[in-house]
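The values are calculated or read from the model by the stated rules, or taken from the named source; none is laboratory data. This is a predicted model, so every value here is computed, not measured. Cβ coordinates were reconstructed from backbone atoms using ideal geometry, including for glycine residues, and neighbour counts include every protein chain displayed. Quick note on the areas: whole protein, heavy atoms, side chains included, nothing else; ligands and nucleic acids left out. Shrake-Rupley method; radii C 1.70, N 1.55, O 1.52, S 1.80 Å.
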Amino acid sequence: MGNLLKVLTCTELDQGPNFFLDFENAQPTDGEREVWNQISAVLQDSESMLADLQSYKGAGQEIREAIQNPNDIQLQEKAWNSVCPLVVRLKRFYEFSLRLEKALQSLLESLTCPPYTPTQHLEREQALAKEFAEILHFTLRFDELKMRNPAIQNDFSYYRRTISRNRINNMHLDIENEVNNEMANRMSLFYAEATPMLKTLSNATTHFVSENKTLPIENTTDCLSTMASVCKVMLETPEYRSRFTNEETLLFCMRVMVGVIILYDHVHPVGAFSKTSKIDMKGYIKVLKEQPPDTVEGLLNALRFTTRHLNDESTSKQIRAMLQ
C-alpha cells in the first residue's frame, strides 16, 4: 500500500496534506474491519435508495383532482390510495438518513481518535476514508434529486392534511400504524430542508463534536479539511488523476470535496470562508470551475445555497464574486 500513499513535496506551505487516497480499490485492514463492516451494511442500500428516489413520480394529478372535487368520494379515495405507498417510501428514505447519521458518527470516532492526527488516520485507514467519501457522495446525489422533485413535499403535505381531517372525523386509518403523528412530524422537518441528507450529516457532525468534549474540535475539522485538500490535489495532479481507472471517480472526487467543505462550514466556529480557516476556498472554486460546467453547476449551487458562512462579513468579496 506504500506506493498509494506516496507523499509529494508540497509546493506551497499552506497547500495542506498531499497524498493519493485510493477511492477505487482501498480494502480494510484488520484494524478497520469491524467499523468498515458496520458502515458497509448501511451503504449497501444507498444505490437502491437513489434509484427509488429517481423513479419517484408523485401523486400530483390525483391530488389536484381530489382538491378540485372535494365531494367526489371516489376521487378522494384515489388520491389517498396513491399517496399512502409514496409516504411509506418517504419514511424509508427518512429512516435511512438515521442509519447514515449513526454510520457517520462511527466513522468520525475512528478517523479522529488519538494518538494519530487526522492526516495519519486518512493515510493509514483508507478503506474507512473511502466509506466516508461514499456517504458524502450519496448525500449530495440524494439531495440533488430531492431538490428537483417538488412532488415529495406536495405529497407529504397532502398526507398530513388528510390525516388531520380524518382524525377530526374519528376515522381509523391503517397507515397511521406505519407513519404515526410523531413520525410524520419528524419526517416533515426532514423534508422541509432543501438538502435534508446534508443537514442530517451536519447535525451528526456537530453532535459528535459536542458529545466528545475531551476531543479537540480541530481533530474533527482537520479531518474534514484534510479530506477536502486530498480531493483537490488528486483532481489537480496529472500523476494522481492517471491512476483512476473509472471516469466517474473524478466526479466522485468533486462531490466528496464539496461535501466535506460544506460540513466544515457547518461545524467550524468561523466556517470555511474565513481567511483563518484551513479551507482554501479560492483554490477549491477554481478547481471546480475548470471542470465541464454541466458536471459542476449542482456542486457550485451546493456551495452557494447550503453553506452557512458564505454571506458573513468576513467572507472576501472575491470569493463571493467567484460564486455568483
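What the table shows:
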{"item": "GluC sites (Glu not before Pro) lying in DSSP loop within region 228-324, provided at most 10 other Cβ fall within 10 Å", "result": "247, 290, 313"}
{"item": "Accessible area (Å², per residue) of the chain, counting only protein heavy atoms and a probe of 1.4 Å", "result": "49 Å²"}
{"item": "Over the chain, relative contact order from alpha-carbon pairs under 8 Å, at least 6 apart, %", "result": "20 percent"}
{"item": "Cα-Cα P(r), region 216-323, percent of pairs per 5 Å interval", "result": "2, 13, 24, 25, 19, 10, 5, 1, 0"}
{"item": "Formal net charge of residues neighbouring residue 305 (Cβ-Cβ distance under 14 Å; K, R +1; D, E -1)", "result": "+1"}
{"item": "Spatial separation of Cα centroids for region 116-153 and region 23-63, in angstrom", "result": "10 Å"}
{"item": "Protein accessible area in the chain, 1.4 Å probe - carbon and sulfur %", "result": "50 percent"}
{"item": "Scattering profile of the chain at q = 0.14, 0.15 Å⁻¹ [log10 I(q)/I(0), Debye over alpha-carbon scatterers]", "result": "-1.08, -1.20"}
{"item": "Length added when fully stretched, residue 33-residue 181, from 0.36 nm per residue minus Cα-Cα", "result": "49.4 nm"}
{"item": "Most mobile listed residue (158, 94, 284) in the chain, GNM with C-alpha springs under 10 Å", "result": "158"}
{"item": "Magnitude of the charge dipole, region 202-268, Cβ model with Lys/Arg +1 and Asp/Glu -1, debye to 20", "result": "40 debye"}
{"item": "Longest segment of the chain lacking trypsin sites (Lys or Arg not before Pro) that sit in a DSSP loop with at most 14 other Cβ atoms within 10 Å", "result": "58-147"}
{"item": "Where labels lie 7 Å past Cα in the beta-carbon direction, separation of residue 301 and residue 164 in nm", "result": "3.0 nm"}
{"item": "Per-residue [θ]222 nm for the chain (sum of -39500 (n - 2.57) over DSSP H runs n ≥ 4, rounded to 500)", "result": "-22000 deg cm²/dmol"}
{"item": "Label-to-label distance, nm, for residues given as residue 157 and residue 68 (7 Å Cα→Cβ offset)", "result": "1.8 nm"}
{"item": "Gyration tensor (alpha-carbon) shape descriptor, region 28-193, a/c threshold 1.5", "result": "prolate"}
{"item": "Selection of GluC sites (Glu not before Pro), region 20-79, meeting DSSP coil and at most 16 other Cβ within 10 Å", "result": "24"}
{"item": "Kyte-Doolittle at least 0.0, axis length at least 24 Å by Cα - qualifying DSSP helices, the chain", "result": "73-112, 126-147, 217-236, 248-267"}
{"item": "Surrounding net charge for residue 86, when Lys and Arg each add one and Asp and Glu each subtract one, Cβ distance under 14 Å", "result": "+3"}
{"item": "Dipole magnitude of the chain about its Cα centre (Cβ charges: Lys, Arg +1; Asp, Glu -1), debye to nearest 20", "result": "840 debye"}
